[in-house]
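Report on one structure; see the data block that follows.
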């Protein structure tokens, strides 16, 4: 049966291989996006192509090799697994068949390739589901930019629905809390829960980006569901680069501080990442752990991203089904 509705599962992207050449191609595309770096191109591009792309690819390739699997990039493998499971779950939730395709804002498979796949299924309505629980112009809006550019190049105009965020969705909060529930006894014994979100230059938030507010809301809702006291958890922001002022506190600083505070035992989760990737596996689970222990910490426990866990797939399926149902109701006579 031909699917008339499609779901585009979008994520940021990944190099094709953990090599300097592949990383350089990926970074060139990623760091050329005006949503990501909002400096004037005349100032930024000479720095990007003259300095950064000559230095950073080798260092980043070493980091990618630390987390690369036999199946490939964890971000791609996990995103594809979510899309496959989501298609199966939606088949049981919805009365008509739904085609699900995966597209990356940068790298492969591209958003344009995902749209071509959906068009080949006869799709007339596309729900875009970025795997970014918290909205930011640097991430979610970039997906929508690529979507519009790809549709224009394909000369195809299906009906498009968008999920902007799901930072306070009850199913998402429940899924996060469930991933942490086995550590309740540890929290009662004084173990500190650190929510580490991807960072953002402060100027973006000052200009109105809701990202920080949504990150804090996610953390508050999860902590409330776990009934954690206010001093048992905190929020920090990771992946800071360059000399600009980013959202504070910085995860690296917070880890060092917690390493000196009794009981010097922490649990770290990264609720801004739907799937495990370089920023969770290498930056937090490897380097963050080493930094915490070197600073005097006693115990560091990284909680994996939700990935394709059944509760996560169910959460996303309900979000998608709800968005499609609302649109159907609006269109009804």
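Here is a yes/no grid of residues against (1) crowded, with 17+ Cβ neighbours inside 10 Å; (2) modelled with pLDDT under 95; (3) more than 17 Å from the chain's Cα centre (by Cα):
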position: 5; (1), (2), (3): yes, no, yes
position: 14; (1), (2), (3): yes, no, no
position: 19; (1), (2), (3): no, no, yes
position: 24; (1), (2), (3): yes, no, yes
position: 56; (1), (2), (3): yes, no, yes
position: 59; (1), (2), (3): no, no, yes
position: 70; (1), (2), (3): no, no, yes
position: 77; (1), (2), (3): yes, no, no
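Only helices (runs of 4 or more DSSP H) wholly contained in the stretch 142-238 count here; list those with 1 or more residues that are modelled with pLDDT of 95 or more.
Numbers: elements: 170-181, 184-188, 202-206, 211-225.
In the stretch 142-238, 170-181, 202-206, 211-225 are the helices (runs of 4 or more DSSP H) which contain 1 or more residues that are modelled with pLDDT of 95 or more.
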### Task
Please find, within the stretch 27-47, the residue that is nearest to the chain's Cα centre (by Cα) out of those that are within 15 Å of residue 111 (Cβ to Cβ) and in a helix (DSSP H, G or I).
30
### Task
Identify, from the list 96, 81, the residue that is within 24 Å of residue 311 (Cβ to Cβ) and either at pLDDT below 95 or in a helix (DSSP H, G or I) (or both).
81
### Task
Quick one: count up the residues across the stretch 109-125 that are touching a helix residue (DSSP H, G or I) at 6+ places or on another chain (Cβ under 8 Å), in contact (Cβ under 8 Å) with a residue 60 or more places away in the chain and either farther than 20 Å from residue 317 by Cα or surrounded by 24 or more Cβ atoms within 10 Å (Cβ to Cβ) (or both).
2
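The values are calculated or read from the model by the stated rules, or taken from the named source; none is laboratory data. Remember, it's a predicted structure, so these values are computed and weren't measured experimentally. Here Cβ is always computed from backbone atoms with ideal geometry, including for glycine, and neighbour counts include all displayed protein chains.
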